[in-house]
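Okay, structure first, notes after.
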Amino acid sequence: MGKIPVTVIGGYLGSGKTTLINKVISQDHGLKLALLINDFGDINIDASLIESQDGDVLSLSNGCVCCTLSDDFSLAMEQIISSSANFDRVIIEMSGIGEPHKVASYVQETDYFLDGVVVLLDVTKIKDWAENRYVGPLIIRQIESADLLIGTHLDLVSDFREKEIREWLENYTDSVFLQAPISLDLLVGLEINRKTVKDIDFDHNHLTISALIDPFASKDLLEDWLHRRPKEVVRVKGIVEIENEIEKSFVVQSCGARASVVPFFDGKQEEKNAIVAIATKNVNKERVEKWLYEIGRPEHHDHDH
């Protein structure tokens with residue numbers, strides 16, 4: 001069994017985390033998700049989705065299990081990894097005053113795999129909050145910890161203001177800035193077994209391109225190629241064979257600026273030597289194809305969502 005990936009969702013009060021979690025919970029996406037959320041009272045869970053409740057644990061009919069973070073966080077993580085439920089992924093919703101980088105550091109010291117840190121920003125308030133003498137340092141730390149930034153309420157600001165915010169964010173991070181709402185694929189990436197390839201009820205705003213590749217001669221070559229991906233490539237996922245390594249199969253994945261090549265130990269029969277890249281809608285498609293096809297060839301065809 002491979003390590004369970006963990007996605008950390010942060011952002012200050014009112015940034016839209018609850019709305020995002022509500023969408024994840026309500027979808028029939030085929031993934032077994034364990035969600036550690038800040039407060040059940042803030043989440044609008046359809047009663048028809050609830051199969052059972054045991055204290056602070058809700059089991060939903062779509063395979064999700066929701067737990068509150070009111071108790072010992074490390075204990076909750078231990079219970080998930082020792083569970084027989086075989087979760088596909090853990091999603092952790094931080095409180096508005098939470099420090100995502102601290103949770104990310106914790107995850108990296110466990111038997112989980114840190115997929116990425118996603119931070120939501122209310123663009124109508126973010127600069128004012130960042131300049132506040134009391135909460136400003138926290139806001140900046142949240143921004144700096146992000147692998148992906150998601151701007152909410154962009155419909156309430158002018159194009160000039162949006163450009164201004166994007167340029168201001170560049171002072172603190174080189175992470176990709178996306179506009180909400182985003183698809184589940186962008187939030188957590190495509191699962192290796194492609195459970196999420198089918199359309200689900202999100203507003204899609206990305207381009208997906210896939211390729212078949214030949215086994216790599218070395219891990220260094222693969223990591224060099226991954227490092228050179230265009231910034232607009234938000235997600236990369238695949239299983240690749242590397243000829244001159246003891247472990248022959250490796251999981252290749254990226255979330256924004258974060259990228260990794262780690263051994264693949266899962267016993268499932270997954271498609272190998274295939275890569276899927278997800279890019280923002282405004283990307284230069286030819287540039288992404290040129291990068292992707294350095295190592296591969298078209299699998300079927302690319303498609304916009």
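The values are calculated or read from the model by the stated rules, or taken from the named source; none is laboratory data. All values derive from a computational prediction rather than experimental measurement. We place every Cβ from the backbone using ideal geometry, glycine too, and count neighbours over all the protein chains shown.
Filtered by the rule that a residue be under 23 Å from the mean Cα position of the chain (by Cα) and farther than 19 Å from Thr280 by Cβ, region 154-167 gives no residues.
Of everything in region 132-175 that is among the aromatic types (Phe, Trp, Tyr) and surrounded by fewer than 16 Cβ atoms within 10 Å (Cβ to Cβ), the residue that is farthest from Leu114 (Cα to Cα) is Phe160. Looking only at residues in region 1-15 that are surrounded by fewer than 18 Cβ atoms within 10 Å (Cβ to Cβ) and modelled with pLDDT of 85 or more, the one that is nearest to Val135 (Cα to Cα) is Leu13.
Before we move on, is Asp214 at pLDDT 55 or above and under 14 Å from the mean Cα position of the chain (by Cα)? The answer is no for Asp214. For region 16-55, the set of residues classified as touching a Ser or Thr at 6+ places or on another chain (Cβ under 8 Å), under 24 Å from Arg235 (Cα atoms) and at pLDDT below 75 consists of His29 only. Among the residues making up region 102-124, those that are modelled with pLDDT of 95 or more and not in a strand (DSSP E or B) are Val123, Thr124. Does at least one position in region 99-110 carry a residue that is free of Cβ contacts under 8 Å to residues at least 24 places away in the same chain, aliphatic (A, V, I, L, M) and crowded, with 18+ Cβ neighbours inside 10 Å? Within region 99-110, none of the residues are free of Cβ contacts under 8 Å to residues at least 24 places away in the same chain, aliphatic (A, V, I, L, M) and crowded, with 18+ Cβ neighbours inside 10 Å.
Would you mind finding the one in Ala130, Ala146 that is within 16 Å of Thr7 (Cβ to Cβ) and among the small types (Gly, Ala, Ser)? Step through it out loud before you land on a result.
Working: Ala130 fails: within 16 Å of Thr7 (Cβ to Cβ).
After ruling out the rest, the residue left standing is Ala146.
Condition test on Phe264, is it over 17 Å from Leu178 (Cβ atoms), among the aromatic types (Phe, Trp, Tyr) and modelled with pLDDT under 85?
The answer is yes for Phe264.
For region 123-159, the set of residues classified as within 18 Å of Asp174 (Cα to Cα) and polar (S, T, N, Q) consists of Gln142, Ser145, listed by residue number.
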